[in-house]
Amino acid sequence: MSRVPFICGNWKMHMTVPEALALVDDVIARVASMDGVEVGVAPPYTALHAVSKRVAGTKVRLAAQNVHFEPKGAYTGEISVPMLADVGCQYAIVGHSERRQYFGETDAACAQKLAALHAGGLRSIYCIGETLEERDAGKALEVVGRQLLAGLEALEPDAVAEQVIAYEPVWAIGTGRTATPDQAQEVHEFLRAQLTQRYGAEVAGRMRIQYGGSMKPQNAKELLSQGDIDGGLIGGAALKAEDFAAICGAAR
Ligand code: 13P
């Protein structure tokens, strides 16, 4: 089954509104004529509204970096699915390792977020990945397999098929140390096999599994040419339009 690769920039806690607008305008111009690849950006909450106006009518999709699972209420500091829909988000990142590590986000909370996003008409980019300690202990596949199925648990198979999975080995995020194409493909293939076993080949064949962790123009082509790597979730290299666009180009 052919899947359209999806490259999404996770801007993390970077970019004021003017900086975000300059970056997104540059990205829009560079990817405008690229067919065969879906492109998204995930600015910080404060820039979503302004960036949304710029990406309207372009090929760039808007993603949030997090979301709360309740639609509204007394949750100081949180942002809901209807609020993200209101500013034009089509995706939200869920379960990024930085949120798991620093903010105690659990698989169970991720499952609630995925369900809330689906109910609100948005898609999730659901992040999973093992730590270096877990990899060294030979537990990488066990860890990511558990995270994968736990996060998707509340969704029906049809809904599961629409979600994007991002495999981000924690030891490769922001470290300059990328998983080798073989290492990444091994995990992606395992994840697709898990999805096939649980949801069937049709659903598993439609799902896009991104790789994330020090992906840059120099290593993108080799990673993205692997059979089960269907795009990338890009951190540092997404903050430079030239590098981000080069990765988008490599995905085609
Ligand atoms: P880097 O590309 O900076 O390693 O970050 C990856 C990431 O965490 C994307 O979500």
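The values are calculated or read from the model by the stated rules, or taken from the named source; none is laboratory data. Keep in mind it's a predicted model, so treat the numbers as computed, not measured. Cβ sites come from the backbone with ideal geometry, for glycine too, and all protein chains shown count toward neighbours.
Quick notes on this one:
- Any chance GLY120 is modelled with pLDDT of 95 or more and either surrounded by fewer than 17 Cβ atoms within 10 Å (Cβ to Cβ) or within 15 Å of the chain's Cα centre (by Cα) (or both): no
- Of the criteria (1) over 17 Å from the mean Cα position of the chain (by Cα); (2) buried (at least 17 other Cβ atoms within 10 Å of the Cβ); (3) within 16 Å of the ligand (Cβ to nearest atom); (4) among the small types (Gly, Ala, Ser), which one SER214 fails: (1)
- Close Cβ contacts (under 8 Å, 6 or more residues apart or on different chains) running from residues in the stretch 88-103 that are under 15 Å from TRP171 (Cα atoms) and of a type outside the set (S, T, N, Q) to residues that are modelled with pLDDT under 95 and not in a helix (DSSP H, G or I) comprise GLU98/ILE173.
- You will find that of ALA20, ALA47, ALA29, the residue that is closer than 21 Å to GLY174 by Cα and either among the acidic types (Asp, Glu) or assigned to a helix (DSSP H, G or I) (or both) is ALA20 and no other.
- The single condition among (1) surrounded by 23 or more Cβ atoms within 10 Å (Cβ to Cβ); (2) out of contact with any helix residue (DSSP H, G or I) (no Cβ under 6 Å at 6 or more places or on another chain); (3) of a type outside the set (Val, Ile, Thr) that GLU156 does not satisfy is (1).
- Helices (runs of 4 or more DSSP H) contained entirely in the stretch 53-158, each with at least 1 residues that are touching a Ser or Thr at 6+ places or on another chain (Cβ under 6 Å): 107-119
- Scanning the stretch 173-198 for residues that are surrounded by 21 or more Cβ atoms within 10 Å (Cβ to Cβ) and at pLDDT 95 or above gives ALA184, VAL187, HIS188, LEU191, LEU195.
- Residues that are among the acidic types (Asp, Glu) and within 11 Å of the ligand (Cβ to nearest atom), drawn from the stretch 217-252: ASP243
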